[in-house]
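Down below is the structure, laid out as structure tokens.
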């Protein structure tokens, strides 16, 4: 019997990377996959998954209908981005928190109605935005969650819900706290972190890029390719490996914006770097100031998660995977 | 103008201690208080507060009506206890989480409708049940929340909501993670921690008490008197003292059940101690096994919170405050 996979947020950048990876490589040794993508829209040249559902998870009935199909593995990537959740408080909670609650309740109802102990693996993309300063030099696996954005608060709450529904045996879920994904292909989005990709992507495509923060800003990154492998790796972990701690800090690359720019210079030259234009933006600086800078993700490494080892590698992944299509 | 105070859960043990304290001592120097208690019921010989409202926060409209009265200071103590939230999953979330969300939304609506920047101080009684093992020897102020009960998950989520609504400026809230309150007067309740009080209270009243766990169990306690002073102290903290970390671990006494019993023996003698009957209970042991044992609550101490210094003092507080009325 084929494995039923549901990707919420399957039209987004990471959802598409994941869909491509599943089509190309299968899921942890299984090639017989029945994939469903759900999102508010899909890119025209997106991953060739026939079963694409257009809908809004915030509408009553959507998550309930998806749960009723009893997917075996669910990747929950659907989210309003950080900048948007900060400016539109209602929208943030209505998209990033309440549908997750209703979805978990719907999955629990399926579990309780099932004769075969239905209990899907749910992989939730959380974020390092669950953290808030002051920080230690490196954030360890036991550091508190104290979000300083609504987006981070919504992610932290979903993590807690998923842990409790899993502990009770209704689902088998875990949350992975993605580093800031960089270099994102395509256009800038409303995430406050969008510029981290923009200052690499735009110059490599011969366009100017705005740098809204000082180049001393240090942050934590992984590539879109790593995001997809994080997700498939998470889907294959055995429950007993999680030991009642179902939210994981993932590996990544810690570097300053200056180091990002230097890596770009080494790879693409000075003329490309000259396309980066500093233009300080107080609103973005205020959000980014509260973000983590470095991690010691020992648990995730021990569980086999892997990311790039330096920022040049992150740029090269973009040049291999996305630049040819840009 | 008098200070309007609302106590949610005002009919419960801690709510009553708080009401008595406010009547006797005022609130941080203010004696002109207009106190409202809300709960599903009140003790017959309770604190003489005329404005007692009987109602269920889980019913739509209740929290909205209370918010519309625009209290200046709100103590939110209303909760289903841990044992009950564990056996009745729906009830736990419907009482311990959803009404808090709706209450915060209602307070935000009052804030936004107000011409005087209405923004109440909200003190939420959270719990050390937000933590989950494995633990360090002493839990520090930056240790992660990883609850292993639904009650703990609900408390952790309310903390996160209160922090975000406060950060956005809609309310001015904080959460205090109470130690297990001991010695509780009156009857045993459905909390899994109920026996910690029972093994002191019942023998002092000449009755047998069941000890459902091994006497090697170490746990973290403070008296009902301390609970009331924690609450009034929290109400008086200035917002800038909280530094974006609006959930506090409070001081308490760390001791084993054997040390509790020894303290009782020193104070009340061997015949009293003989009334404690070991009767292992797997369900309670399983819950208590996951609980914290000791803390280093540096932030709360620096902010002026104080508890008892040893368990004998906790017993003496019970004998002074509650034994005469038992």
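None of the figures in this text is laboratory data; all of them are computed from the coordinates on show. Model, not experiment: these values are computed from the prediction. Cβ atoms come from the backbone with ideal geometry, glycine included; neighbour counts cover every protein chain shown.
For the listed peptides A:169-180, B:51-62, a ranking on the average number of other beta carbons within 10 Å per residue, highest first, reads A:169-180, B:51-62.
The alpha-carbon atoms of segment B:186-301, seen along their principal axes, cover 51, 29, 24 angstrom, with the largest extent given first. For a paramagnetic label modelled on residue A:239 (point 7 Å from Cα along Cα→Cβ), amide N atoms under 18 Å away belong, within segment A:106-131, to A:106-124. Principal-axis analysis of the Cα atoms of chain B puts helix B:257-268 at an angle of about 80° to the longest axis. Projected onto their three principal axes, the Cα atoms of segment B:1-129 cover extents of 45, 38, 27 Å, largest first. Its alpha carbons give segment B:25-74 an Rg and a Dmax of 12.5, 36 Å.
Please compute the average number of Cβ atoms from other chains found within 10 Å of each residue's Cβ in peptide A:217-225. Mind dumping the intermediate values first?
Working: counts 0, 0, 0, 0, 0, 0, 0, 0, 0.
For peptide A:217-225, the averaged partner shielding equals 0.
Distance from the Cα centroid of segment A:7-55 to that of segment B:178-224 is 54 Å (rounded to whole angstrom).
Angle of helix B:224-236 to the longest C-alpha principal axis of chain B, folded into 0 to 90 degrees and rounded to 10: 30°. Over segment B:217-277, one equal point on each Cα, no solvent: what is log10 I(q)/I(0) by the Debye formula at q = 0.16, 0.26 Å⁻¹? Result of the Debye calculation: -0.69, -1.10. According to the Kirkwood relation over distinct C-alpha pairs, the hydrodynamic radius of the protein assembly as shown is 26.4 Å.
Global dimensions of segment B:137-222 from alpha-carbon coordinates: Rg and Dmax equal 16.8, 53 Å. Could you please state, rounded to a whole Å, how far the C-alpha centre of segment A:93-160 is from the C-alpha centre of segment A:242-259? Between the Cα centre of segment A:93-160 and that of segment A:242-259, the gap is 16 Å. Seen against the Cα atoms of chain B and their longest principal axis, helix B:150-167 is set at about 30 degrees.
Over all projection directions, the Cα-based convex hull of segment A:1-50 averages an area of 3.3 nm². Computed over segment A:120-169, the Cα gyration tensor eigenvalues convert (square root of 5λ each) into semi-axes of 22, 12, 9 Å, ordered from largest to smallest.
Whole-percent P(r), segment B:93-243, all Cα pairs, 5 Å bins from 0: 2, 8, 15, 17, 19, 15, 10, 7, 4, 2, 1, 0.
Need one word for segment B:268-326: rounded, prolate or oblate. Basis is the Cα gyration tensor (sqrt eigenvalues a ≥ b ≥ c); a/c below 1.5 gives rounded, then a/b vs b/c decides.
On the way: a/c = 2.61, a/b = 1.17, b/c = 2.24.
Since a/c reaches 1.5 but b/c is at least a/b, the shape of segment B:268-326 is classed as oblate.
Output the relative contact order of segment A:168-293, whole-number percent, from Cα pairs under 8 angstrom with separation of 6+ residues. Taking the mean separation of contacting Cα pairs over the length of segment A:168-293, I get 38 percent. Can you tell me, using C-alpha contacts under 8 Å and at least 6 residues apart, the relative contact order of segment B:1-146 as a whole percent? Across segment B:1-146, relative contact order equals 23 percent.
What average count of beta carbons from other chains do you get within 10 Å of the Cβ of residues in A:265-278?
Values: counts 0, 0, 0, 0, 0, 0, 0, 0, 0, 0, 0, 0, 0, 0.
Taking the mean over all residues of the peptide, I get 0.
I want to make sure I understand the PRE zone here: with the label point 7 angstrom from the Cα of residue A:266 toward its beta carbon, which residues in segment A:184-199 have backbone N atoms less than 18 Å away? None, by backbone N distance to the label point.
Enter the mean number of other protein chain beta carbons within 10 Å of the beta carbon of each residue in B:82-92, as an integer. Don't skip to the answer; put the middle values down first.
Details: counts 0, 0, 0, 0, 1, 0, 0, 5, 2, 0, 1.
What the average comes to for B:82-92 is 1.
Put simply, chain A fits an ellipsoid with semi-axes of 32, 21, 19 Å; these come from the alpha carbon gyration tensor as the roots of five times its eigenvalues, largest first. Here the calculated FRET efficiency for residue B:281 and residue B:205, from their Cβ-Cβ distance with R0 = 35 Å, stands at 0.95, rounded to the nearest 0.05. With contacts taken as Cα pairs under 8 Å at a separation of at least 6 residues, chain A carries a relative contact order of 18 percent.
Computed packing ranks the peptides B:29-40, A:235-246 as B:29-40, A:235-246, most packed first, by mean other Cβ atoms within 10 Å.
Compute for segment B:47-118: radius of gyration divided by Kirkwood radius, i.e. Rg/Rh, restricted to C-alpha atoms, rounded to two decimals.
1.03
Helical runs assigned H by DSSP (4 residues or longer) give the protein assembly as shown a calculated mean residue ellipticity at 222 nm of -12000 deg cm²/dmol, each run adding -39500 (n - 2.57) before division by the residue total. As a rough guide to protection, the peptides A:292-299, A:273-280 ranked by mean Cβ packing within 10 Å, highest first, stand as A:292-299, A:273-280.
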